[in-house]
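Here's the structure, in structure tokens; my notes come after.
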Amino acid sequence: MPELAISAEKVAFIIEKAREFDVKEGNSDPDSGSNATDDDAVDVLEDDGSDPVRNELGSFMIALNEDEQLDLVALTWLGRGDGTIDDWDDLRARAVEARSEYRSPRRETVHYLLGEPMLGDLLADGLDEFGINWTEEGLTADSSAPSQRDEDEITKQR
């Protein structure tokens, strides 16, 4: 079984935030001018381009290291059915190749991921392929939790 460079806790955080973002919809009533209490506050589900959840998610993902971002892309593809767990090395190699074509790899990788419909579900399905239950007790969505690779790199530096 391949190993992930990103911790399950970080992926869980991204899944939860992506699912919050995925429920947004286009502006369905641009000229409403009504009071939010009159229209059951449905405007809160409209994506007006300044979504704080999207900003938080983007900021979190841009701070990830290259290997973690590559794993997110490969997990997304795995969850989408572009391969199986046996194809992990190929999926990851494709992610490396795609990233090499970007002028600003860190930023464009995040832009790609944020543009992926149902990102949270795809990542959850990808983790399922690894046999990781991201909702499991003990797995919390803590954005500050270091990945195993981060811990290994700190240990190597000592």
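When segment 1-21 is filtered for residues that are open to solvent by less than 40 Å² (accessible area, probe 1.4 Å) and in a helix (DSSP H, G or I), the ones remaining, listed by number, are ALA8, LYS10, VAL11, ALA12, PHE13, ILE14, ILE15, LYS17, ALA18, PHE21.
For segment 97-111, a residue qualifies if it is in a helix (DSSP H, G or I), open to solvent by less than 70 Å² (accessible area, probe 1.4 Å) and of a type outside the set (Asp, Glu), and the qualifying residues are ALA98, ARG99, PRO105, THR109, VAL110.
Filtering segment 112-127 to residues that are assigned to a helix (DSSP H, G or I) and either open to solvent by less than 40 Å² (accessible area, probe 1.4 Å) or in contact (Cβ under 8 Å) with a residue 40 or more places away in the chain (or both) leaves LEU113, LEU114, LEU119, GLY120, ASP121, LEU122, LEU123, ALA124, ASP125, GLY126, LEU127. Residues in segment 38-57: is at least one over 22 Å from THR135 (Cα atoms), at pLDDT 95 or above and out of contact with any strand residue (DSSP E or B) (no Cβ under 6 Å at 6 or more places or on another chain)? Looking for residues that are over 22 Å from THR135 (Cα atoms), at pLDDT 95 or above and out of contact with any strand residue (DSSP E or B) (no Cβ under 6 Å at 6 or more places or on another chain), one finds none in segment 38-57, hence no.
Any residue in segment 64-84 that is assigned to a helix (DSSP H, G or I), more than 25 Å from THR135 (Cα to Cα) and either open to solvent by less than 50 Å² (accessible area, probe 1.4 Å) or of a type in the set (Val, Ile, Thr) (or both)? No.
The values are calculated or read from the model by the stated rules, or taken from the named source; none is laboratory data. Predicted model, so just to flag it, every value in this text is computed and none were measured. With ideal geometry, Cβ positions are generated from the backbone for all residues, glycine too; neighbour counts draw on all protein chains shown. The protein model used for the area step is the full one, side chains on, heavy atoms only, and it has no ligands, DNA or RNA in it. Shrake-Rupley method; radii C 1.70, N 1.55, O 1.52, S 1.80 Å.
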